[in-house]
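Novice: So that we are looking at the same thing, I have put the structure below in structure tokens.
Since every read-out is calculated from the coordinates, none of them should be taken as a lab result. Note that this is a predicted model, so its numbers are computed, not measured. Positions of Cβ are backbone-derived with ideal geometry, glycine not excepted, and every protein chain shown enters the neighbour counts.
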């Protein structure tokens, strides 16, 4: 055998496939565009898609509009969304003004919620997507929807 035909065994690196929570959060926080989660979506039927009851077509149209709006939101950076007028960007409100609670999520004192407006097909009013952003992370956790202006006081 010549020296070329002998092969040395390469030591395989020990790869840990578990991702630590710190690493996972650092990935999350480095992303400047929102990602979307429904993990904390309220069980209150007035503020989720059960609001539409038997109005299946209106529910379908609204879900399409939500998806369209989510696509718009996730293509922009948080900084830009918060600097846009509230009609096309995001607005923040104190979580204490909400008339519903998220599912398995507790607000911290003085926590803000982020609100995005959207229009559904055949609907003259703007609906609202309401969510939270945890620990400076870019993930937008949708906690509810406002389909009839009852989720919080919209003012006069």
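Novice: Across segment 119-141, what is the total count of residues that are under 18 Å from the mean Cα position of the chain (by Cα) and within 22 Å of residue 57 (Cα to Cα)?
Specialist: 4
Novice: Which of the residues that make up segment 75-85 are surrounded by 12 or more Cβ atoms within 10 Å (Cβ to Cβ) and under 19 Å from residue 36 (Cα atoms)?
Specialist: At the first step, the residues of segment 75-85 found to be surrounded by 12 or more Cβ atoms within 10 Å (Cβ to Cβ) are 76-78, 80-82, 84.
Passing the criteria: 76, 77, 78, 80, 81, 82.
Novice: On to the next question. Looking only at residues that are more than 21 Å from residue 50 (Cβ to Cβ) and buried (at least 18 other Cβ atoms within 10 Å of the Cβ) in segment 92-116, which one is nearest to the chain's Cα centre (by Cα)?
Specialist: Taking segment 92-116 as the starting set, the residues that turn out to be more than 21 Å from residue 50 (Cβ to Cβ) are 92-97, 106-112, 114.
With the extra rule that they be buried (at least 18 other Cβ atoms within 10 Å of the Cβ), the set shrinks to 95, 114.
Numbers: 95: 16, 114: 9 Å.
Looking at the filtered set, the residue picked out is 114.
Novice: From 141, 48, 153, grab the single residue that is surrounded by 19 or more Cβ atoms within 10 Å (Cβ to Cβ) and either in contact with a helix residue (DSSP H, G or I) (Cβ under 7 Å, 6 or more places away or on another chain) or within 18 Å of residue 35 (Cα to Cα) (or both). Give the derivation first.
Specialist: Values: 48 fails: either in contact with a helix residue (DSSP H, G or I) (Cβ under 7 Å, 6 or more places away or on another chain) or within 18 Å of residue 35 (Cα to Cα) (or both); 153 fails: surrounded by 19 or more Cβ atoms within 10 Å (Cβ to Cβ).
Selected residue: 141, the only one of 141, 48, 153 that is surrounded by 19 or more Cβ atoms within 10 Å (Cβ to Cβ) and either in contact with a helix residue (DSSP H, G or I) (Cβ under 7 Å, 6 or more places away or on another chain) or within 18 Å of residue 35 (Cα to Cα) (or both).
Novice: Which one of these does residue 32 not meet: (1) out of contact with any helix residue (DSSP H, G or I) (no Cβ under 7 Å at 6 or more places or on another chain); (2) over 18 Å from residue 118 (Cα atoms)?
Specialist: (1)
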